[in-house]
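Chemist: I have a structure I would like to understand better, so I am pasting it below and will then ask my questions one at a time.
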Amino acid sequence: MAEIPVDVGMIYEGERIRKNQMHAELAGPKSKGAELFRVAGDDVVEDGKVTVVGPDVQELPEGQPTPFGVFIRAAGEKLEEDLEGVFERRMHYYFNYIQGFMHLNSRDTIWCRISKDAVKAGVTFEHIGAAVMDLFKKEYDVIEKMDVTFYTEDKAVDEFIEQARAVYEKRDARLRGMKDEDVDVFYGCVLCQSFAPEHMCTISPERISSCGSISWFDGRAAVKVDPKGSLIEIKKGEVLDPVKGEYAGVNELTEKKSGGAVNRVFLHSIFGHPHTSCGCFEAIAFYIPEVDGIGVVHRNFKGTTPFGIPFSTMAGQTGGGQQLEGFAGIAVEYIRSPKFFIADGGHERLVWLPKELKERFYNDLPESVRDKIATEEDATDLDALKAHLEKVGHPVVSRWQEQAPAAEEKAPAAAEAPAATVPEITMPLSGNPVAGGGITITFKNAKIYAEKVIIKRK
Amino acid sequence: MIIAVSGKGGVGKTMLAALLVRTFSEDTSNLLAIDADPDSNLPEAVGVKVEKTIGDVREEILESRSRSPGSTLHDVLEGHVMDTIEETDRFDLLEMGRPEGAGCYCAVNHVLRAIIDRWAKDYDIVIIDTEAGLEHLSRRTTQDVDVMIVVTDSSKRGIETAKRIKVLASELDISFKELYVVVNRAADDMAEGIKKTLEEAGLKVLGTIPEDRNVLEFDYEGRPLTELPEDSPALQEVRRIKERLSAATGT
């Protein structure tokens, strides 16, 4: 096989081929295409073979978008199907390493260009395929055999896209099913510290960042690219509470990154030590003591919550990186998580959602509760919410009966339900070195009836 | 070389940026123009119609929930940014577009900056029409600017602003290799005096662009400034500015 007539190396990664340098555009927004990496049997893979279905590089119509597919198969005793996604992502880099070849995006959104210079130099798919296989084998010993097929013929590309999409779907289903228990590391994100200096987001497979932008997979990719960046690997360490989601490693890093302000975090509980809230969370989960349930309101919802206040007011109280029992900034995606405040009863504790969110996540919510969650159409205040939940027989109603006798005897238990009525509040205002002389007294949605308030100087 | 054109609103920032695009793109088509001022209209001034802005991409990303669990924000955004770049035969153009809404843009902006920074390196020349004022520079689109050009008119206020910029720039921790001032709409007999005042304040004056009737007419008719006739005084002075810049930076 002839040596590829262009350079191959990391320096070409991220090389952008501009329109007037481009010979041909493969796949991309003006055409179609896909890429796929599969682990196959040792008997199927023909090591080193490059197949081209359709016109080769030199015959590609100049300046026109061409449908494009790349299918790589690899065999090796230790290769696992689980790694296909990781290898497929490497294709992006390796194709980019080839001088004069641009590769963007992934899967069925790939967008490639081949430069005029590369075509002039005589590059063919045989060259490109061989170079990519070579890069794979150099980096991964586990790959023993490989072959590559390029598709540029319209119908063949269509068939290939179909085939690829079926694989993506299967793969996504597996990834979505990933649990916090399945991994040893989580990721911490401090991108928002310019706004909330004490805030660190903990990102686990079952808890996407509060802004909804950074998944566990983003974290994994980011620390590889930039180990000193704003995303930090967290070794889970000792599991302190598997239900609440408390981990020694998370606590340690949170304490460090929050400058000592926060030293315990429960990933999946709104009580005790809930996750801190940056300021730019997509939604807020809030505990409603009157019905002993949890509501969620998102940023785009313009109406008011059953508390009588809109998202914006609540966000102003919740944000800034503080830890506030009964409130947590979350990504709307977290509603879908099987661990959604699981320590507090999970989705069965969810009593109120804006209609838009309820519709979006309807199929992801458990059947036992999804028709019983109130929206702004059912309740805009606490009395209506209570009446609605009672009428539809929401699972939280059974909690009311359990708690009722206890509540008569004494104030509700502190850990599970923050006190709604307290006979007397004494706030020790001294001995707070962090405040540095300033005093912060915050009442959140509190209803306090006092006959007298006495503030004394000691 | 990355050139940022700044200055307060209405001083002719976009005109200078557009004419720099015209003159530099005569030497190389490997030029990227970035419109970072949501209130200006660099695309019109250089005669390009923009389909999509980075602002649109930002909103799309925050709205869309279709991202597959394995794909990263960077992967997804790279293609979107590419899609935003208008590619003409003479140069490329990227419009930053509308300012941010209420959502969280920390993560998205972080990644966008990384992508744009990386791609800016592949161009021979990048010309940025920045937002009016200077505060934006701490969250600018490009990390390292080689040349910062401050445009000012000949008013006392404009000149005072230019003088203050040097101080402001150091306070805002903006890194650039050179800072120059360009005076716009200077009357012929006043140009020397203004230049002297600025130089006495320790500022390097790269040129003084005279009032140009062609510019007024083109603006009035909405015609691209890049099509100004060769004998336009403004264009002629920008040619000299370009030569001085090239000589000073060795490009």
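The values are calculated or read from the model by the stated rules, or taken from the named source; none is laboratory data. From a predicted model like this one, the values you see are computed outputs, not experimental measurements. When we count neighbours, we look across all protein chains shown, and the Cβ atoms used for this are built from the backbone with ideal geometry, even at glycine. The protein model used for the area step is the full one, side chains on, heavy atoms only, and it has no ligands, DNA or RNA in it. Shrake-Rupley method; radii C 1.70, N 1.55, O 1.52, S 1.80 Å.
Chemist: Residue by residue through segment A:238-259, note down the ones that are among the charged types (D, E, K, R) and either under 12 Å from residue A:202 (Cβ atoms) or not assigned by TED's automatic domain parsing to the domain that holds residue A:186 (or both).
Modeler: Those that are among the charged types (D, E, K, R) and either under 12 Å from residue A:202 (Cβ atoms) or not assigned by TED's automatic domain parsing to the domain that holds residue A:186 (or both): A:246, A:252, A:257.
Chemist: Can I ask one more? Take the conditions open to solvent by less than 10 Å² (accessible area, probe 1.4 Å), in a strand (DSSP E or B) and more than 24 Å from residue A:399 (Cβ to Cβ) and apply them to residue A:321. Does it pass?
Modeler: Considered against the rule, which asks whether it is open to solvent by less than 10 Å² (accessible area, probe 1.4 Å), in a strand (DSSP E or B) and more than 24 Å from residue A:399 (Cβ to Cβ), residue A:321 comes out as no.
Chemist: What are the residues in segment B:233-251 that are free of Cβ contacts under 8 Å to residues at least 40 places away in the same chain and under 20 Å from residue B:27 (Cα atoms), if any?
Modeler: Across segment B:233-251, the qualifying residues are B:236, B:237, B:240, B:243, B:244, B:246, B:247, B:250.
Chemist: Do you know which residues across segment A:9-31 are away from chain B (no Cβ under 14 Å) and buried (at least 21 other Cβ atoms within 10 Å of the Cβ)?
Modeler: Across segment A:9-31, the qualifying residues are A:23, A:24.
Chemist: What are the residues in segment A:237-272 that are of a type in the set (D, E, K, R) and open to solvent by 20 Å² or more (accessible area, probe 1.4 Å), if any?
Modeler: A:238, A:241, A:244, A:252, A:255, A:256, A:257, A:264
Chemist: Right, something else. Among the residues of segment A:169-193, how many are more than 9 Å from chain B (Cβ to nearest Cβ) and under 14 Å from residue A:233 (Cα atoms)?
Modeler: Residues in segment A:169-193 being more than 9 Å from chain B (Cβ to nearest Cβ) and under 14 Å from residue A:233 (Cα atoms): 7 in total.
Chemist: Please report, ordered by residue number, the helices (runs of 4 or more DSSP H) entirely within segment A:78-139 with at least 2 residues that are at pLDDT 90 or above and over 12 Å from residue A:6 (Cβ atoms).
Modeler: A:84-97, A:125-139
Chemist: On to the next question. Here are some residues: A:107, A:73, A:90, A:113. Which one is touching a helix residue (DSSP H, G or I) at 6+ places or on another chain (Cβ under 9 Å), buried (at least 16 other Cβ atoms within 10 Å of the Cβ), closer than 24 Å to residue A:42 by Cα and basic (Lys, Arg)?
Modeler: Only one candidate qualifies: A:90.
Chemist: Let me ask you something else. For the list (1) of a type in the set (A, V, I, L, M); (2) more than 15 Å from the chain's Cα centre (by Cα); (3) more than 30 Å from residue A:292 (Cα to Cα); (4) assigned to a helix (DSSP H, G or I), I need the number of the one condition that residue A:234 fails.
Modeler: That leaves (4) as the condition not met.
Chemist: Which of the following residues is within 14 Å of chain B (Cβ to nearest Cβ), part of a helix (DSSP H, G or I) and surrounded by 20 or more Cβ atoms within 10 Å (Cβ to Cβ): A:196, A:166, A:222?
Modeler: When all the criteria are applied, what remains is A:222.
Chemist: Just name the residue that is surrounded by the fewest Cβ atoms within 10 Å (Cβ to Cβ) out of those in segment B:28-45 that are under 8 Å from the mean Cα position of the chain (by Cα) and not in a loop (DSSP other than H, G, I, E, B).
Modeler: B:34
Chemist: So in segment A:274-318, with the set limited to residues that are part of a loop (DSSP other than H, G, I, E, B) and of a type in the set (A, V, I, L, M), which one is nearest to the chain's Cα centre (by Cα)?
Modeler: A:309
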